[in-house]
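To start, the structure itself, in structure tokens.
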Amino acid sequence: MHPFLVRVGWLAALCVPLAGPAAAQAQTDFPNKPIRAIVTFPPGGSADAVFRMLVPQLNEKLGQPVIVDNRPGAGGNVGLTVVAKAPGDGYTIGLGAAGALAANVSLYPQMPFDPVKDFRPVGMLAAIPFVLVGHSSMAARTQAELISQARKAPGSLSIGHGGNGTAMHLSAALFAQMANARFVEVPYRGSGPAALDVLGGQIPLAIVDLPSALQQIKAGKLIAYAVTSVRRLPMLPDVPTVAEAGLPGYDSTGWFGIVAPAGTPDAIVARLNAQINAALADGQTQASMRNLGVEPAPGTPAAFGAYIASETKKWAKVIRTAHIKLD
């Protein structure tokens with residue numbers, strides 16, 4: 001048996017006299033009733049679609065139905081508030097993203113929960129790389145030329161993104177800071193409208209998710225300057241990363257994963273993590289996710305917790321420097 005699981009079992013045994021036989025039995029039998037998954041996005045988006053891909057496998061592996069409950073709003077704060085207030089028994093989990101789990105604490109003057117104290121990380125699900133695109137008529141054909149143009153005429157170029165406080169917004173802010181250039185940022189209600197306005201010539205640039213722009217890039221109707229991820233994307237192998245194109249150290253992707261309420265026992269977190277990772281390892285699921293422009297990102301609860309902490313620190317600095325605030 002893996003040492004981690006041995007340790008979990010030993011700790012659980014020590015806790016039996018304190019928690020009582022009923023609590024110990026509840027952990028052993030988990031799950032013995034449906035699990036409610038609070039998804040902090042509306043139906044139809046990438047995160048919602050990915051999680052629903054996993055649900056049939058989770059139902060089978062866990063032996064109980066996983067019921068999706070969409071609770072969008074306030075950058076994910078609405079849904080995760082429900083999770084934070086739920087009992088820590090594994091029967092309520094939440095799908096949260098970079099905003100609510102890492103950035104919102106620096107964006108909102110008040111938070112309805114503490115992203116560190118009120119949750120236990122269960123596991124990351126996926127990463128969403130973005131792409132910096134421009135209208136086909138742009139004189140700048142490379143990222144270096146684009147930055148040079150922006151520096152020569154500060155504020156002359158606008159850059160669209162998927163909405164205030166979104167990962168795309170923060171990606172644009174980080175790009176401007178590292179490029180030492182000033183752009184006029186234009187928020188949209190999602191990635192699709194931003195890409196359409198670049199295509200139509202209403203704005204010259206945007207940072208958008210891959211599905212919103214891929215076909216137009218391949219058709220030559222949009223310039224793909226760079227992708228925001230650490231590595232190049234299989235769907236755009238000739239497009240450099242932002243770091244490769246002249247801004248070393250740049251790394252910005254959207255991401256989302258599963259958290260449980262604080263107090264959820266180690267054994268239950270470990271079981272949920274194992275079954276989520278098993279579902280993410282399915283070849284057909286991986287192919288379907290990549291067709292959505294989403295990269296599977298399985299891992300341990302500890303690794304997810306460490307990643308949330310590093311993202312919180314990184315975005316706090318970007319938000320502070322850019323003076324970004326949301327009500």
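The values are calculated or read from the model by the stated rules, or taken from the named source; none is laboratory data. Just so it is clear, the model here is predicted, and its values are computed rather than measured. As a convention, Cβ positions derive from the backbone with ideal geometry for all residues, glycine included, and neighbour counts pool all protein chains shown.
Miscellaneous remarks
- The residues in the stretch 224-256 that are touching a residue at least 60 places away in the same chain (Cβ under 8 Å), surrounded by fewer than 23 Cβ atoms within 10 Å (Cβ to Cβ) and not aromatic (Phe, Trp, Tyr) can be counted, and the count is 11.
- Among the residues of the stretch 180-203, those that are touching a residue at least 12 places away in the same chain (Cβ under 8 Å) and of a type in the set (Gly, Ala, Ser) comprise Ala181, Gly190, Ser191, Gly192, Ala194, Ala195, Gly201.
- Checked against the criterion of being modelled with pLDDT of 95 or more and on the phi < 0 side of the Ramachandran plot, the candidates Leu54, Leu5, Leu18 yield just one match: Leu54.
- Set Val259, Val269, Val318: member being assigned by TED's automatic domain parsing to the domain that holds Ser46, of a type in the set (Val, Ile, Thr), over 30 Å from Asp29 (Cα atoms) and touching a residue at least 40 places away in the same chain (Cβ under 8 Å): Val318
- Tally, over the stretch 34-88, of residues that are acidic (Asp, Glu) and not in a strand (DSSP E or B): 2
- Of residues in the stretch 151-175 being of a type outside the set (A, V, I, L, M) and within 16 Å of the chain's Cα centre (by Cα), the one nearest to Leu107 (Cα to Cα): Gly165
- Test: residue in the stretch 276-290 that is out of contact with any Pro (no Cβ under 9 Å at 6 or more places or on another chain), crowded, with 19+ Cβ neighbours inside 10 Å and either at pLDDT 95 or above or not assigned by TED's automatic domain parsing to the domain that holds Pro121 (or both): no
- Entry remark, the stretch 31-54: residues being among the aliphatic types (A, V, I, L, M) and out of contact with any Pro (no Cβ under 9 Å at 6 or more places or on another chain) number 5 in total.
- Here Gly305 does not qualify as of a type outside the set (A, V, I, L, M, F, W, C) and either touching a helix residue (DSSP H, G or I) at 6+ places or on another chain (Cβ under 8 Å) or assigned to a loop (DSSP other than H, G, I, E, B) (or both).
- Remark: pairs (first residue in the stretch 60-73, at pLDDT 95 or above; second residue acidic (Asp, Glu); Cβ separation under 7 Å; 6+ apart in sequence or on different chains) = Asn70/Asp48.
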